[in-house]
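Asker: Below are the structure tokens for one structure; questions will follow.
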Amino acid sequence: METTTELKSTALSQKHISLGAKMVPFAGYNMPVSYTGLNDEHTTVRNGVGVFDVSHMGEFVLKGDKALDLIQRVTSNDASKLADGKVQYSCMPNDIGGIVDDLLVYRYKADEYYLVVNASNIEKDWNWIQKYNVHGVDMKNISDATSLLAVQGPKALATLQKLTDVNLSAMEYYSFAVGKFAGFDEIIISNTGYTGAGGFEIYFPNAIADKIWDAIFEAGKEFGIKPIGLGARDTLRLEMGFCLYGSDIDDTTSPLEAGLGWITKFTKEFTNSKVLLEQKEKGVTKKLVGFEMLERGIPRHDYEIADAAGAVIGRVTSGTQSPSLNIAIGMGYVKTEFAKADTEIFIKIRDKAIKAKVVKMPFLKK
């Protein structure tokens, strides 16, 4: 178990503590899990605007005329389709059929990219990309110097527009701009997020973190803006069926099994692409599905999934009581023949088989 003395802090950790946040160890950092309570924070983001400190995430800058080649080599999506100012969701397959990490690829210009990776994988991802950097692409790990706030919810745009002359309503989903924000130059404003509630992510140097935080909260005061912890981040992403690395995807799950075929493009060669193409042609033996509970019980990570006869057919990867839908929902891998919508499955909770059914994701329909 991690102890707080070994944990890293973000530039805003003291701010969270002073606001009374419940702090927990997460990916090697001391992070806020909740402030006013999970349901209240979740509803704030779905209906208004909330702010997540996600400065624990990793950021790498790749520059040079071979930067795109390197990204194409290590990621499954086709980054050659990116234009300046666009963002792409992708993953890095490993050489045994699993996933090193999922990530965002930002294109500044033809020879400069910005990669955003998961906090727990920063060192692993860096080493993995560096292993394939045979053409001397200039790589910088700016993770420890960079803060990141996710301002999410239907009132995020009105809140943030007060602080910048970048036209946020004209910014398409999965695109970004670099401009003036809260009086500071060269701030990255990105129309991305992990909640399905709309909103933006703001990247900036640690030195101005307190000032940026205060400016956002001042701007959002009229909309009832609140700080949001990692607990609600998890329930919000799960309602949208977004994968969490380490739970729903990992070194042993293939992108095709995880339903990430849409970011796996066989128009180019990348790590393990031959094996994954073979898997696509033959079909996978297990699939990640969404399910909702038909009886009382909350599914949790690693609970067994069974068929009507009690035979184990898979396992739960994520589960919760959905605050928006007021039902228990989850994701998990099942044998392919059980992956169709409306298939009845059973979740083993404390030695009892609790009835559930497979549903199409996202759970929360727009």
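Asker: Taking LEU103 as meeting all but one of (1) within 17 Å of PRO255 (Cα to Cα); (2) in contact (Cβ under 8 Å) with a residue 60 or more places away in the chain, write down the number of the exception.
Answerer: LEU103 satisfies every listed condition except (2).
Asker: If the requirement is being over 20 Å from ASN121 (Cα atoms) and assigned to a loop (DSSP other than H, G, I, E, B), which of these qualifies: GLY179, GLY193, GLY259? Steps first, answer last, please.
Answerer: Values: GLY179 fails: assigned to a loop (DSSP other than H, G, I, E, B); GLY193 fails: over 20 Å from ASN121 (Cα atoms).
Just one listed residue meets the conditions, GLY259.
Asker: Return the pairs, sorted by first residue and then second, in which the second residue is of a type in the set (Gly, Ala, Ser) and outside any strand (DSSP E or B), the first residue lies in region 149-168 and is exposed (fewer than 15 other Cβ atoms within 10 Å of the Cβ), the beta carbons are less than 6 Å apart, and the residues are 6+ apart or on different chains.
Answerer: That search, which allows pairs on different chains as well, returns LYS162/ALA219.
Asker: Which is modelled with pLDDT of 95 or more, charged (D, E, K, R) and on the phi > 0 side of the Ramachandran plot, of ASP302, ASP351?
Answerer: Working: ASP351 fails: modelled with pLDDT of 95 or more.
None of the other options fit; the residue is ASP302.
Asker: Might you let me know whether region 151-165 holds any residue that is part of a helix (DSSP H, G or I), among the acidic types (Asp, Glu) and modelled with pLDDT of 95 or more? Before you say what the answer is, go through the steps one by one.
Answerer: Here is the first cut: in region 151-165, the ones part of a helix (DSSP H, G or I) are 156-161.
In the following step, the residues that additionally are among the acidic types (Asp, Glu) were identified as none.
Looking through region 151-165, none of the residues is part of a helix (DSSP H, G or I), among the acidic types (Asp, Glu) and modelled with pLDDT of 95 or more.
Asker: Which one is farthest from the chain's Cα centre (by Cα) among residues in region 185-207 that are among the hydroxyl-bearing types (Ser, Thr, Tyr) and surrounded by fewer than 20 Cβ atoms within 10 Å (Cβ to Cβ)? Reasoning before the result, please.
Answerer: Our first condition is that a residue be among the hydroxyl-bearing types (Ser, Thr, Tyr); within region 185-207, this holds for 190, 192, 194-195, 203.
Going one step further and asking which of them are surrounded by fewer than 20 Cβ atoms within 10 Å (Cβ to Cβ), we end up with 192, 194.
On the way: THR192: 10, TYR194: 5 Å.
Restricting to residues being among the hydroxyl-bearing types (Ser, Thr, Tyr) and surrounded by fewer than 20 Cβ atoms within 10 Å (Cβ to Cβ), the top hit is THR192.
Asker: Can you confirm whether GLY50 is within 18 Å of the chain's Cα centre (by Cα) and under 28 Å from GLN279 (Cβ atoms)?
Answerer: Working: within 18 Å of the chain's Cα centre (by Cα): yes; under 28 Å from GLN279 (Cβ atoms): no.
No, not satisfied.
Asker: What is the residue count in region 266-317 for residues that are among the charged types (D, E, K, R) and touching a Ser or Thr at 6+ places or on another chain (Cβ under 7 Å)?
Answerer: Counting residues in region 266-317 that are among the charged types (D, E, K, R) and touching a Ser or Thr at 6+ places or on another chain (Cβ under 7 Å) gives 2.
Asker: Next question, about the same structure. Would you confirm, using the coordinates I've provided, whether ALA67 is among the small types (Gly, Ala, Ser), farther than 21 Å from ASN191 by Cα and under 17 Å from the mean Cα position of the chain (by Cα)?
Answerer: Taking the combined requirement at face value, the residue does not satisfy it.
Asker: Taking LYS131 as meeting all but one of (1) under 23 Å from the mean Cα position of the chain (by Cα); (2) not assigned by TED's automatic domain parsing to the domain that holds LYS211, write down the number of the exception.
Answerer: All conditions pass for LYS131, except number (1).
Asker: Identify the residue in region 56-100 that is among the small types (Gly, Ala, Ser) and within 21 Å of THR192 (Cβ to Cβ) and, among all such residues, is surrounded by the fewest Cβ atoms within 10 Å (Cβ to Cβ). Write out each step before concluding.
Answerer: Of the residues in region 56-100, the ones among the small types (Gly, Ala, Ser) are 58, 64, 67, 76, 79-80, 83, 85, 90, 97-98.
Narrowing the set further to residues that are within 21 Å of THR192 (Cβ to Cβ) leaves 58, 67, 76, 79-80, 83, 85, 90.
On the way: GLY58: 25, ALA67: 24, SER76: 27, ALA79: 23, SER80: 13, ALA83: 9, GLY85: 16, SER90: 25.
So the residue we want is ALA83.
Asker: Which strands (runs of 3 or more DSSP E) does region 273-323 wholly contain that include 1 or more residues that are within 24 Å of LEU256 (Cα to Cα) and aromatic (Phe, Trp, Tyr)?
Answerer: It comes to 286-293.
Asker: For residues that are under 21 Å from the mean Cα position of the chain (by Cα) and farther than 21 Å from ARG237 by Cβ, tally how many sit in region 173-184. Show your work before the answer.
Answerer: Quick first cut of region 173-184, residues under 21 Å from the mean Cα position of the chain (by Cα) only: 173-177.
Those still in the list that are farther than 21 Å from ARG237 by Cβ too: 177.
Summing the residues that are under 21 Å from the mean Cα position of the chain (by Cα) and farther than 21 Å from ARG237 by Cβ in region 173-184 gives 1.
Asker: Output the residues belonging to region 276-292 that are out of contact with any Asp or Glu (no Cβ under 7 Å at 6 or more places or on another chain) and either surrounded by fewer than 14 Cβ atoms within 10 Å (Cβ to Cβ) or under 10 Å from GLY332 (Cα atoms) (or both).
Answerer: First, pick out the residues of region 276-292 that are out of contact with any Asp or Glu (no Cβ under 7 Å at 6 or more places or on another chain): 276-283, 285, 289-292.
Those that are out of contact with any Asp or Glu (no Cβ under 7 Å at 6 or more places or on another chain) and either surrounded by fewer than 14 Cβ atoms within 10 Å (Cβ to Cβ) or under 10 Å from GLY332 (Cα atoms) (or both): GLU278, GLU281, LYS282, GLY283, THR285, VAL289, GLY290, PHE291.
Asker: Where in region 50-101 are the strands (runs of 3 or more DSSP E), entirely inside, with at least 3 residues that are at pLDDT 95 or above and not assigned by TED's automatic domain parsing to the domain that holds ALA11? Spell out how you get there, then give the answer.
Answerer: Details: elements: 50-53, 58-63, 86-93.
Of the strands (runs of 3 or more DSSP E) lying wholly inside region 50-101, those with at least 3 residues that are at pLDDT 95 or above and not assigned by TED's automatic domain parsing to the domain that holds ALA11 span 58-63, 86-93.
Asker: Is region 324-345 home to any residue that is outside any strand (DSSP E or B), in contact (Cβ under 8 Å) with a residue 60 or more places away in the chain, touching a Leu at 6+ places or on another chain (Cβ under 8 Å) and at negative phi? Give the steps one after another, and end with the answer.
Answerer: First, the residues of region 324-345 that are outside any strand (DSSP E or B): 324-327, 336-343.
Imposing the further condition that a residue be in contact (Cβ under 8 Å) with a residue 60 or more places away in the chain reduces the set to 324-325.
Next cut, touching a Leu at 6+ places or on another chain (Cβ under 8 Å) only: 324-325.
Next, only the ones that are at negative phi stay: 324-325.
Checking region 324-345: at least one residue is outside any strand (DSSP E or B), in contact (Cβ under 8 Å) with a residue 60 or more places away in the chain, touching a Leu at 6+ places or on another chain (Cβ under 8 Å) and at negative phi.
Asker: Look at region 284-314 and say how many of its residues are under 22 Å from LEU325 (Cβ atoms) and acidic (Asp, Glu).
Answerer: Start the filter on region 284-314 by keeping residues that are under 22 Å from LEU325 (Cβ atoms), which leaves 288-301, 303, 305.
If we keep only those that are acidic (Asp, Glu) too, we end up with 292, 295.
Going through region 284-314 one residue at a time, the tally reaches 2.
The values are calculated or read from the model by the stated rules, or taken from the named source; none is laboratory data. It should be emphasised that the depicted structure is a prediction, and the values quoted were computed from it without experimental measurement. Cβ: placed from backbone, ideal geometry, glycine included. Neighbour counts: every protein chain shown.
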